[in-house]
1. Return the total of residues in segment 596-622 being closer than 18 Å to VAL472 by Cα and either of a type in the set (A, V, I, L, M) or exposed (fewer than 15 other Cβ atoms within 10 Å of the Cβ) (or both).
2. Those residues that are more than 26 Å from the chain's Cα centre (by Cα), among the β-branched types (Val, Ile, Thr) and outside the structural domain of ASP446 (by TED's automatic domain parsing), I need them from segment 227-270; list them, please.
3. For segment 504-537, enumerate the residues that are more than 15 Å from ILE554 (Cα to Cα) and in a loop (DSSP other than H, G, I, E, B).
4. Could you tell me whether ALA547 is assigned to a loop (DSSP other than H, G, I, E, B) and either within 18 Å of LYS576 (Cβ to Cβ) or out of contact with any Asp or Glu (no Cβ under 6 Å at 6 or more places or on another chain) (or both)?
5. Within segment 551-595, count every residue that is loosely packed, with under 15 Cβ neighbours inside 10 Å, more than 25 Å from ALA616 (Cα to Cα) and polar (S, T, N, Q).
6. Can you pull out every residue in segment 572-604 that is closer than 22 Å to GLU555 by Cα and either among the β-branched types (Val, Ile, Thr) or in contact with a helix residue (DSSP H, G or I) (Cβ under 7 Å, 6 or more places away or on another chain) (or both)?
7. May I ask you to say which residue of ASP67, ASP155 is crowded, with 18+ Cβ neighbours inside 10 Å, modelled with pLDDT of 85 or more and not hydroxyl-bearing (Ser, Thr, Tyr)?
Amino acid sequence: MEGRSKSDAAAEPSVAAQVPFLHLCTTLEKIQKSKLRPDKSKILGDFIESWRKFHAALHESNPKTVDSFYPAMRLIVPPFERERMAYGIKESMLAKLYIDVLGLPKNGPEASKLLNYRAPTTSQGEAGDFAGMAYFVLKKRCTSQGNLSIKEVNDFLDSVAINNASKQKDLVKKNLLHLITQSSALEQKWLIRMILKDMKLGVSKETVLQVFHPDAAELYNVNTDLKKVCQQLHDPSVSLSEVSIELFSAFKPMLAAVANIRNVEKQMGNSPFFIETKLDGERIQLHKDGDVYKYFSRNAFEYTQQFGGSPLEGSLTPYIHNVFKSNIVNCILDGEMMAFNPTAETFMQKGSKFDIKRLMDDSELQTCFCVFDVLLVNNQKLGKETLKKRYKILQTVFTPVKGRIHVVPKTEVRTMQEVVGALNDAIDYREEGIMVKDPLSIYKPDKRGEGWLKIKPEYVDGLMDELDLLIVGGYWGKGRRGGMMSHFLCAVAEAPKLGEKPSVFHSFCRIGSGYTMKELYDLGLKLAKHWKVYRKNDPPASILCGAERPEVYIEPCNSVIIQVKAAEIVGSDMYKTNCTLRFPRIEKIREDKEWHQCMTLAELDEFRSKASGKLASRHLHIDNDEPQKKKRKLPVKPKKVVGIIDHFKPQDLSGVSKETDMFEDVEFCILNGTEDHPKSELEKGVARRTFHTCFYNKPFKRLPVLSRKVWVFQMWRYCGSEPRTGHLLRDCWRGEHACEEPDFVESTRRGLGVLAGGVLEPEKSGAMATSPHDPHVSLDAGTLCQGV
């Protein structure tokens, strides 16, 4: 509302101050648990509708209030709000804070769960879900229902961001302690996800905005401001007649799709098109109005402080302020921010050791803005104009200055062979690639491939050199890759003596892309039994690492070679080789090579010296008469009907009443039963005596590493005349390390079960289990099934 001060706005009542944070958390929990997108949308829509109704009643006398859904929206899609500063908090810091605040023993099981949240675990949250793991640690220590409002939570997050920016970690701990006493475990679970900006809701930002208002996603793309979106579109009946780019309001830039070079003429409508160099810098938009400048990244983060908000400050603005034509009052330019070396008169590639957003005055490099589009000139909006017209206007906005501000030249061509020639030139000049653009295309924020295409050498088969690297380390995954290795540390070998195999390997790069989920799963199975915990104070002698260290490692002789493709080799002090790969991805496993046949340091040096580290050193040759390879159509396989064997289906325990807390906080893993005591009866017997019941009903190939006191109850036959007591997996937590094997608590009797390679293989069979609280207390099947 115009003319109102911030204090006035803050003084008026708000919906966020009245709505409990628990209501939002409950809604988010329902959204996450729903499987279908329409169901998720309905749950969110109901919450938004309730908010609007309460808003209408609260502000009945003041319909022009600035109060909106924004306080809730910024919590639902935290990665996309720009008003709050960065928290500077990751999972490891949160884990240490909770351990400190809760007074958990540092070597205890619960501290280990928090520190090693990505390691495989049991049913307590998915592996790789820190918030889910924290929930199970907190649920017995927190109030059952919090009393915080959504406004108070936002205030808390503001204080965390401010204290983090001022490096006052003690105040961050104090804020967290206050939060723990005021909120439930469920609220903290979602608060952690908001801090980590990883909500795991199963819905995209676009879906959330679409549920809020049909025009919300389009408006966000041109202003990237959730507060403005929520305020302008609070009324769902109001529609925007025209959504367009505004001065000093960051927008989501138009993007290019990957081109098939053989189809480029068809994709351009068999008409003339533009080719321009694909620059390897930072995508930046410049907003200028008189002496006021603002700079935004492609993700709408502001970098005005670095590049200069006026002609008197920054690494760029003082050098370009006077190059604008005298008739230019305001404008919006889209381009790439590059680092220019004035001595060599060349642009530096992004993979080199510098950050264009932090170049200092005394650096030998200087900031240069390479402009390829214009969206506004003297308040005239140009987004609906064709690229050809915009390019013509762009050349009248400023006078280029070498090394400071350039216009990216466009060449008009017609044929595929001209595109091939331009790509080969880019390879020769060590450039990233080329752009292909339709002269008739209009500017569409946040759209990809609407007349803009990109071609890079790594997108074309046969142009790149592949590297054969050895996997020496691994990292546990998150989300859908939780519980398995999702990234791998790869190395090259020191050249061995003649006739010998290499014995020392130098870390070179970390790779986590290029594979399908099935390929990742198969690779994981191949290496699973060989992983060992990597200990910083006792690293393996055969694997030399730099600052980057894996969570687990594998002895080279047990590993495999993978074929890797990447854009280039760049310098890096994170790895022992003092270099690494840029944009690496796995092509395939080299089944035809033994572990000792991987790339050596000498071969790596050859690649680094050749083509300045660029791995594209060959030209593309396409014969116009050469037919395009057609992908072989695979026969359609009939769908298999997948079901669960009755034995493994979860039992209905709703009719079983608890009689005692005898086994409080104990989980049971009942693997099977006998004719006299079926598995279902055993589970019901446990349910009558346990506070927390968790059965493992999936026919797993390996027993998951258990993280709590768990009874592994397996029916077995008598051996000889004497029944033998069962083994107990007791206190099997991971300790300080991510992949530490659990200990067995063995009863006084011997010869029962062993844990080999993660599989429980009973040497003998039996029908008894030992109490986790007292190893001398046994429980037989008959006792369990009494009264069932």
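1. Filtering segment 596-622 for residues closer than 18 Å to VAL472 by Cα gives 596-601, 604.
Adding the requirement that they be either of a type in the set (A, V, I, L, M) or exposed (fewer than 15 other Cβ atoms within 10 Å of the Cβ) (or both) leaves 599, 601, 604.
Within segment 596-622, residues that are closer than 18 Å to VAL472 by Cα and either of a type in the set (A, V, I, L, M) or exposed (fewer than 15 other Cβ atoms within 10 Å of the Cβ) (or both) number 3.
2. Matches in segment 227-270: VAL238, VAL243, ILE245.
3. GLY512, SER513, GLY514, TYR515, THR516, ASN537
4. Details: assigned to a loop (DSSP other than H, G, I, E, B): yes; either within 18 Å of LYS576 (Cβ to Cβ) or out of contact with any Asp or Glu (no Cβ under 6 Å at 6 or more places or on another chain) (or both): yes.
So ALA547 passes the test.
5. Residues meeting the conditions: 1.
6. Of everything in segment 572-604, those that are closer than 22 Å to GLU555 by Cα and either among the β-branched types (Val, Ile, Thr) or in contact with a helix residue (DSSP H, G or I) (Cβ under 7 Å, 6 or more places away or on another chain) (or both) turn out to be THR577, THR580, ILE586, ILE589, TRP595, THR600.
7. On the way: ASP155 fails: crowded, with 18+ Cβ neighbours inside 10 Å.
Unique residue meeting the criteria: ASP67.
Listed here are the residues, each with its yes/no results for (1) touching a Leu at 6+ places or on another chain (Cβ under 8 Å); (2) modelled with pLDDT under 95; (3) surrounded by fewer than 21 Cβ atoms within 10 Å (Cβ to Cβ).
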site	(1), (2), (3)
TYR319	no, no, yes
PHE324	no, no, yes
ASN327	no, no, yes
GLY335	yes, no, no
THR343	no, yes, yes
LYS353	no, yes, yes
MET360	no, yes, yes
LEU387	yes, no, no
ILE393	yes, no, yes
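The values are calculated or read from the model by the stated rules, or taken from the named source; none is laboratory data. Keep in mind that what you see is a predicted model, and the values were worked out from it rather than measured. Ideal geometry is used to build each Cβ from the backbone, glycine not excepted, and the neighbour counts take in all protein chains shown.
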